[in-house]
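Heads up, the thing below is written out as structure tokens.
The values are calculated or read from the model by the stated rules, or taken from the named source; none is laboratory data. This is a predicted model, so every value here is computed, not measured. All Cβ positions, glycine included, derive from the backbone under ideal geometry; neighbour counts span all protein chains shown. Note: accessible area is taken over every heavy atom of the protein model, side chains too, but ligands, DNA and RNA are not part of it. Shrake-Rupley method; radii C 1.70, N 1.55, O 1.52, S 1.80 Å.
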Amino acid sequence: MSSPRGQFSSRIGFILAASGSAVGLGNIWGFPTNAAENGGGAFVLVYFLLAFCLAYPALMAELIIGRHTRANMVSALQIISPGKTTRLLGKLTGFYGIIVAALILSFYSIVAGWMLAYLLEPMVSLSGLPGLANWLTEFSAPRNLLFCAIFLIVTCAVISAGVEHGIEKWSCRLMPALLAMMIFLIVYVLTQPGAVDGLKLYLIPDFSRIGDPKLILSALGQAFFSLSLGVGTMLIYGSYLRPDDNLPAMGAIVTALDSSVAFLAGLLVLPAMFVARHQGVEIYTPQGALMAGPDLIFQTLPALFKTMAGGTVVALLFFTLLSIAALTSSISMLEVPVSYTLEQHVASRPMATWLSGAIVFAISAVIVMNFDTLFAAVVTLTTHYSQPLLGLMLCVFATWVWRRDRVLEEIRRGLPDVQHSLFWRIWPGYAKFCCPALILLVLAQSLMN
Ligand code: PFF
């Protein structure tokens with residue numbers, strides 16, 4: 001069966017799709033809560049440093065390999081490998097990436113399903129159906145399964161339409177909507193009493209925390225998760241880029257957009273917490289730490305919305321924002337197994353999509369039915385360990401396994417002068433030695449913890 005490879009039709013299409021993958025629950029939920037837990041502004045500073053110094057070089061490795069090989073991760077790593085052993089290692093690494101992408105999507109769609117349920121709740125309440133409204137916001141296996149399935153069906157619908165008419169079209173529609181909603185919400189929250197205390201916590205760095213290993217570890221994990229690194233999503237998106245696109249610039253724009261949206265999310269969530277406090281909502285745990293996990297999103301903020309004038313609209317916008325962010329990320333995750341299946345020529349795009357979606361849903365169902373034992377374990381295994389490890393492998397493949405002159409040739413296609421650029425002076429050595437060493441250091445540290 002033939003399966004012509006898709007391609008982004010424009011630069012802006014790629015930028016919005018790749019930043020759509022990067023901007024997700026990790027930015028709007030993960031970044032502000034990590035900042036709240038780790039000294040506010042101190043975390044923000046370290047995060048920005050790591051995003052550009054460590055995550056950006058790894059992102060470049062993915063984009064360059066992807067654009068050169070025009071293939072999924074399994075084939076791509078084999079194509080750039082000169083020897084038998086490295087080819088086998090490439091194949092195994094590629095499969096590991098696909099499995100991790102499917103596992104991330106399986107927990108991500110459970111959480112995204114919660115966002116959909118909370119998005120419906122204000123409308124159901126207004127329609128005078130309190131029983132249903134309660135069901136939507138109460139934790140239960142049937143609710144989790146139903147909304148996870150709905151979210152995955154929407155994801156499959158976008159992916160089965162292909163690169164240009166699915167991924168690109170929907171990213172171009174949803175990303176501007178996401179930004180507009182976010183700016184509206186920030187302006188609204190910042191005009192409420194109490195917001196300034198949240199702003200101070202967020203923006204004034206506590207320099208004494210800057211060297212804290214826990215802070216550095218959290219910032220690094222957050223940067224890798226946020227830029228969707230390691231599992232082959234950026235490699236695949238790179239493979240849909242046109243040959244004459246300037247890769248270092250594209251990667252830099254995506255990193256900057258992703259970090260900016262994370263920063264904006266902090267301007268929304270932390271001030272909102274302190275507005276809630278002003279209204280009498282508890283924002284500290286009994287241990288004295290700021291609320292961070294699901295309690296923040298599903299209790300503190302909804303409690304705040306209920307006290308606000310126009311709170312129903314604000315709640316609706318907030319959960320729509322989170323659902324959109326989750327969708328543009330989930331489509332990039334599903335594209336990983338789909339592109340692999342397509343390129344093996346065993347199925348058409350719609351069939352590959354619905355089959356992959358069904359497998360992911362089966363994994364989600366197992367997690368939902370064993371939530372207490374599996375959920376946190378899958379999150380930790382995939383995001384704390386596997387993503388950085390895979391990121392390391394991709395840096396190794398791009399700089400140790402692949403020939404340097406070929407890498408240069410690939411970047412040159414869109415940037416003829418690259419040999420004399422700052423990028424080429426720094427990146428090859430940096431991705432070869434510093435990135436793997438730093439990732440190993442962080443992994444070793446987290447294993448010891
Ligand atoms: N970058 C997404 C977020 O910040 O929510 C999460 C993600 C997307 C991780 C795609 C991995 C991935 F392949």
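Which ones in segment 133-156 are out of contact with any Leu (no Cβ under 9 Å at 6 or more places or on another chain) and either of a type in the set (K, R) or not in a helix (DSSP H, G or I) (or both)?
Matches in segment 133-156: E138, F139, S140.
Keeping to segment 162-189, report how many residues are open to solvent by 50 Å² or more (accessible area, probe 1.4 Å) and hydrophobic (A, V, I, L, M, F, W, C). Steps first, please.
First pass over segment 162-189, keeping only residues open to solvent by 50 Å² or more (accessible area, probe 1.4 Å): 164-165, 169-170, 173, 176, 179-180, 183-184, 187-188.
Subsequent filtering for residues that are hydrophobic (A, V, I, L, M, F, W, C) retains 170, 179-180, 183-184, 187.
Selection size over segment 162-189: 6.
Quick one: count up the residues across segment 219-233 that are hydrophobic (A, V, I, L, M, F, W, C) and within 8 Å of the ligand (Cβ to nearest atom).
4
Scan (1) under 22 Å from the mean Cα position of the chain (by Cα); (2) in a helix (DSSP H, G or I); (3) modelled with pLDDT under 95 for the single condition G230 breaks and write down its number.
Among (1) under 22 Å from the mean Cα position of the chain (by Cα); (2) in a helix (DSSP H, G or I); (3) modelled with pLDDT under 95, the lone unmet condition for G230 is (2).
So which pairs qualify, if the first residue must be in segment 127-138 and farther than 16 Å from V111 by Cα, the second must be part of a helix (DSSP H, G or I), the Cβ gap must be under 6 Å, and the two must be at least 6 apart or on different chains?
L132/V124; A133/E121; A133/V124; A133/S125
So which residues in segment 67-91 are basic (K, R) and in contact with a Gly (Cβ under 6 Å, 6 or more places away or on another chain), if there are any at all? Walk me through it before giving the result.
Taking segment 67-91 and keeping what is basic (K, R), we get 67, 70, 84, 87, 91.
Answer for segment 67-91, where residues must be basic (K, R) and in contact with a Gly (Cβ under 6 Å, 6 or more places away or on another chain): just R67.
Could you grab the pairs with beta carbons closer than 9 Å, sequence gap of 6+ or different chains, first residue in segment 166-183 and in contact (Cβ under 8 Å) with a residue 12 or more places away in the chain and of a type in the set (A, V, I, L, M), second one outside any helix (DSSP H, G or I) and open to solvent by 10 Å² or more (accessible area, probe 1.4 Å)?
Pairs found: I167/G6; I167/A161.
Residue check: is L327 closer than 27 Å to Y188 by Cβ, open to solvent by 40 Å² or more (accessible area, probe 1.4 Å), modelled with pLDDT of 95 or more and within 16 Å of the ligand (Cβ to nearest atom)?
No; evaluated as a whole, the condition is false for this residue.
For a quick check of your reading: which helices (runs of 4 or more DSSP H) sit entirely within segment 1-112 and have at least 1 residues that are under 17 Å from the mean Cα position of the chain (by Cα) and within 16 Å of the ligand (Cβ to nearest atom)?
Ranges flagged: 11-22, 31-37, 41-50, 56-69.
Out of F318, F305, report the one residue that is under 30 Å from G166 (Cβ atoms) and among the aromatic types (F, W, Y).
One residue alone meets the criteria, F318.
Which pairs do you get when a residue that is under 14 Å from E62 (Cβ atoms), found in segment 93-109, comes within reach of a residue that is open to solvent by 10 Å² or more (accessible area, probe 1.4 Å) and within 9 Å of the ligand (Cβ to nearest atom), reach meaning Cβ atoms under 8 angstrom, with the pair 6+ apart or on two chains?
Between residues of segment 93-109 that are under 14 Å from E62 (Cβ atoms) and residues that are open to solvent by 10 Å² or more (accessible area, probe 1.4 Å) and within 9 Å of the ligand (Cβ to nearest atom), the close pairs are A101/M333.
Of the conditions (1) within 16 Å of the ligand (Cβ to nearest atom); (2) more than 26 Å from A76 (Cβ to Cβ); (3) open to solvent by 50 Å² or more (accessible area, probe 1.4 Å), L389 satisfies every one except a single condition; which number is it?
For L389, the exception is condition (2).
Taking segment 335-378, which residues are of a type in the set (A, V, I, L, M), open to solvent by 30 Å² or more (accessible area, probe 1.4 Å) and within 24 Å of the chain's Cα centre (by Cα)?
Listed by number, the residues that qualify are L355, A358, I359, A362, I363, V366, L374, A376, A377.
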